[in-house]
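See structure below.
The values are calculated or read from the model by the stated rules, or taken from the named source; none is laboratory data. Fair warning: this is a prediction, and the values are worked out from it, not measured in the lab. Here the Cβ is made from the backbone with ideal geometry for all residues, glycine too, and neighbour counts use every protein chain on show. When the accessible area is computed, the model is the full protein with side chains, heavy atoms only, and any ligands, DNA or RNA have been set aside. Shrake-Rupley method; radii C 1.70, N 1.55, O 1.52, S 1.80 Å.
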Amino acid sequence: MDAELLEPGQRIGAVTGLSPAGEVGDTLAFADGRVVDARAADADGETIDATGWVALPPLADLHAHLDKGYTWSAFGQPEGSLEDAIACWVDHGESHTYEAITAGARRHLVAALHAGVTAVRSHTNYHLGDDPLRGVRALVELRAEFAGLVDLQVVASPGPSDGPDDLGRAAVALGIDLVGGFPHLADDPAADLERAAAFAEEFGLGLDLHTDETLDPASTGLAELAARTRHWPAGLIRSAGHCVSLSTQDAATRARTLAAVAEAGVSIVTNPLTNLYLQGWQHPVGTPRGIPPLREILEAGITLAAGGDNVQDPFNPLGNADIVDVASELVVAGHLTPAEAWHVSSNGGRAAFGLPPARGRVGDVADIVLVRAAHTAEALAERAPDRIVIRDGRVIAVRRRVVGSVLDLRPLPTPPSAPTSEGALL
């Protein structure tokens, strides 16, 4: 069967004719939800001719805000810095209903699935109004709804004034996966970090904090997070999102911090789209890029993941739940190679999430994204319009480019401005 004809629900035994990319050669075989040797392929599955396609690891969005998605227009179409976005959220957040949160989050997850994203970690605020846990409740319900398609981790992120008190305990009872927070926004960042870490320890939960989302080089929350969690068991998640201040610190400070982060097992999640948008408004000349030093992070041996962060909300009017756009920015603005950028956006995220690798090696889970492209760079350059998402050896989503009209390329009359043989214009 030609890959072009695949539809959701079909089981795959083997994929042939692939353009080699990453660790995948021209053939992949699946059986019992794993990548296997071609001789052990599932005999009941389809054999697919994927000539003109590459097989790449599925994408992972390790920093989303599903409870905020698609609110930019309804909240007044704000445009500005992080401080402006926070103020807008405070002004409008009380009107953001459970039904609106659920609808926006579901729309986001469906878009992500069609884009090849099979793992999402989402923060949710304690919302203003008389039902502060409506975001937690909506995401926990969607986690069950999308089980087997998109793995979803729910992070309850109290603001500095919320505190992981009775409200936090109620969120734990609802079934959150991780404890979040924003220590760098607190009056006493160290105390806020301690509060979040102690609360996570009380319930045996991991930690994913917004960390140093500022261009102020004096913001050192990442180093403090590493020191606070270095004694935690290896399997307990501790992640730091943003870490923008790293890009403004001197080389010696960065080196000390990254060594401590690596030793403590803290993963870093970069969010280039939102941080390129939010940071630097106060610096019209030589504007800082708002991206941490990605290559230094990788060279330090730290697990580096990527997130889409915001989708059409007060913190970013753009965003579309497609991590390919994020990976492309890791190349353009973050100076990673295309292969490195895809790795960070896929298996880097899976590692930070706690999921097994999906590299296409024998023994890996049978999760892959088929992309109509000659290689990874083309997949990023063209934004991979045609994708087939395979999980556990079964097609779970298909996205195809639809061409509504095609230009007639037969010879056209010579335009008046065509160059003559002498090089002059008529």
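As an exercise: evaluate Tyr70 against (1) out of contact with any Leu (no Cβ under 8 Å at 6 or more places or on another chain); (2) within 30 Å of Asp309 (Cβ to Cβ); (3) surrounded by 24 or more Cβ atoms within 10 Å (Cβ to Cβ) and give the number of the one condition it does not meet.
Single failed check for Tyr70: (3).
Taking the condition of being among the β-branched types (Val, Ile, Thr) and within 16 Å of Gly307 (Cα to Cα), how many residues in the range 238-265 meet it?
1
Could you count how many residues in the range 164-186 are farther than 17 Å from Asp309 by Cβ, open to solvent by 10 Å² or more (accessible area, probe 1.4 Å) and in contact (Cβ under 8 Å) with a residue 12 or more places away in the chain?
10
Residue by residue through the range 222-236, note down the ones that are assigned to a helix (DSSP H, G or I) and open to solvent by 10 Å² or more (accessible area, probe 1.4 Å).
Passing the criteria: Ala223, Glu224, Ala227, Arg228.
Can we say Glu83 is more than 22 Å from the chain's Cα centre (by Cα) and either closer than 23 Å to Val269 by Cβ or of a type in the set (Val, Ile, Thr) (or both)?
Yes, satisfied.
Among (1) in contact with a Ser or Thr (Cβ under 6 Å, 6 or more places away or on another chain); (2) without any contact (Cβ under 8 Å) to a residue 12 or more places away in the chain, where does Pro58 come up short?
(2)
Of these, Ala259, Ala252, which one is part of a helix (DSSP H, G or I), among the aliphatic types (A, V, I, L, M), free of Cβ contacts under 8 Å to residues at least 40 places away in the same chain and more than 25 Å from Asp67 (Cβ to Cβ)?
Of Ala259, Ala252, the one residue that is part of a helix (DSSP H, G or I), among the aliphatic types (A, V, I, L, M), free of Cβ contacts under 8 Å to residues at least 40 places away in the same chain and more than 25 Å from Asp67 (Cβ to Cβ) is Ala252.
Restricting the range 1-47 to residues that are of a type in the set (Asp, Glu) and within 25 Å of Leu355 (Cα to Cα), which is most open to solvent (accessible area, probe 1.4 Å)? Talk me through it step by step, then tell me what you get.
If we filter the range 1-47 for residues that are of a type in the set (Asp, Glu), which is where we start, we get 2, 4, 7, 23, 26, 32, 37, 42, 44, 46.
Then keep just the ones that are within 25 Å of Leu355 (Cα to Cα); that gives 23, 32, 37, 42.
Numbers: Glu23: 102, Asp32: 153, Asp37: 67, Asp42: 38 Å².
For the range 1-47, the residue satisfying everything is Asp32.
Please go through the range 374-410 and give me each residue that is modelled with pLDDT of 95 or more, touching a helix residue (DSSP H, G or I) at 6+ places or on another chain (Cβ under 9 Å), open to solvent by less than 70 Å² (accessible area, probe 1.4 Å) and aliphatic (A, V, I, L, M), ordered by number.
Ala377, Ala379, Leu380, Ile388, Val389, Ile396, Ala397, Val398
Give the residue, chosen from Ser245, Ser239, Ser219, that is assigned to a loop (DSSP other than H, G, I, E, B) and buried (at least 20 other Cβ atoms within 10 Å of the Cβ).
Going through Ser245, Ser239, Ser219 in turn, the sole match is Ser219.
Restricting attention to the range 248-262, which residues are of a type in the set (A, V, I, L, M, F, W, C) and surrounded by 21 or more Cβ atoms within 10 Å (Cβ to Cβ)?
Leu258, Val261
Give the residues of the range 123-151 that are under 19 Å from the mean Cα position of the chain (by Cα) and of a type in the set (A, V, I, L, M), sorted by residue number.
The initial filter retains those residues of the range 123-151 that are under 19 Å from the mean Cα position of the chain (by Cα), namely 123-125, 139-140, 142-143, 146-151.
The answer is Leu139, Val140, Leu142, Ala147, Leu149, Val150.
Assess whether Ala50 counts as being in contact (Cβ under 8 Å) with a residue 60 or more places away in the chain, of a type in the set (Gly, Ala, Ser), under 28 Å from Ala352 (Cβ atoms) and open to solvent by less than 10 Å² (accessible area, probe 1.4 Å).
Judged against the criteria, Ala50 is not a match.
Among the residues of the range 109-118, are any within 19 Å of Ala305 (Cβ to Cβ) and open to solvent by 10 Å² or more (accessible area, probe 1.4 Å)?
Scanning the range 109-118 turns up at least one residue that is within 19 Å of Ala305 (Cβ to Cβ) and open to solvent by 10 Å² or more (accessible area, probe 1.4 Å).
State the number of residues belonging to the range 265-279 that are part of a helix (DSSP H, G or I), touching a strand residue (DSSP E or B) at 6+ places or on another chain (Cβ under 7 Å) and open to solvent by less than 10 Å² (accessible area, probe 1.4 Å). Spell out how you get there, then give the answer.
Within the range 265-279, the subset part of a helix (DSSP H, G or I) is 272-278.
From the residues that got through so far, the ones that are touching a strand residue (DSSP E or B) at 6+ places or on another chain (Cβ under 7 Å) too are 273-275, 277.
So of that shortlist, the ones also open to solvent by less than 10 Å² (accessible area, probe 1.4 Å) come out as 274-275.
Within the range 265-279, residues that are part of a helix (DSSP H, G or I), touching a strand residue (DSSP E or B) at 6+ places or on another chain (Cβ under 7 Å) and open to solvent by less than 10 Å² (accessible area, probe 1.4 Å) number 2.
Do you know which residues across the range 180-219 are under 23 Å from Ala352 (Cα atoms), out of contact with any Ser or Thr (no Cβ under 8 Å at 6 or more places or on another chain) and hydrophobic (A, V, I, L, M, F, W, C)?
Residues satisfying the conditions are Leu193, Ala196, Ala198, Phe199, Ala200, Phe203, Leu205.
How many residues does the range 280-300 hold that are part of a loop (DSSP other than H, G, I, E, B), modelled with pLDDT of 95 or more and open to solvent by 60 Å² or more (accessible area, probe 1.4 Å)?
0
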